[in-house]
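Structure, as structure tokens:
The values are calculated or read from the model by the stated rules, or taken from the named source; none is laboratory data. Remember, predicted model here, so these are calculated numbers, not experimental data. Don't worry about glycine lacking a Cβ; one is built from the backbone with ideal geometry, like all the others, and counts go over all protein chains shown. Calculation scope for accessible area: heavy atoms of the full protein, side chains included, ligands and nucleic acids excluded. Shrake-Rupley method; radii C 1.70, N 1.55, O 1.52, S 1.80 Å.
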Amino acid sequence: MTLSLAAKKAVVKEVTEVASKAISAVVADYRGLSVNQMTQLRAKARKSGVYLRVVPNTLTRRAFEKTEFACLSDLLVGPLFVALSLESPGDAARLLKEFTKTFEKLKIKALAVGGKRY
């Protein structure tokens, strides 16, 4: 399903606002996860204070342009989601690391903190 221009602008605005407040970002490939597994991950993310969203890569690049997470732009290829830590720098990474122990299909591509990519 394609998004209208207004919907795309709203998504970019929302992600930009959250990213500007976030401490760290993790980009991960969710290929192979079931809907139930993604639902479990989203529920854990909400409890952990992590903003987790599947956003089209082009919109993510636009949202990250003026944030310290612009360093992730060249890695935004394929089916990805973005996890942004809002309270502590390690929240998103810790959540996804724990989740990969149970669901091996989840692949973490990169972490960004303070404008540096790891």
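Scanning region 41-58 for residues that are of a type outside the set (V, I, T) and surrounded by fewer than 18 Cβ atoms within 10 Å (Cβ to Cβ) returns R42, A43, K44, R46, K47, G49, R53, P56, N57. A count restricted to region 1-40 and to residues that are without any contact (Cβ under 8 Å) to a residue 60 or more places away in the chain and either open to solvent by 80 Å² or more (accessible area, probe 1.4 Å) or in contact with a Leu (Cβ under 7 Å, 6 or more places away or on another chain) (or both) stands at 12.
The rows are residues; the columns are (1) of a type in the set (D, E, K, R); (2) over 15 Å from the mean Cα position of the chain (by Cα).
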site: V11; (1), (2): no, no
site: D29; (1), (2): yes, no
site: L59; (1), (2): no, no
site: G114; (1), (2): no, yes
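Looking across region 59-118, the residues that are in contact with a strand residue (DSSP E or B) (Cβ under 8 Å, 6 or more places away or on another chain) and open to solvent by 90 Å² or more (accessible area, probe 1.4 Å) come down to K97, K107, R117, Y118.
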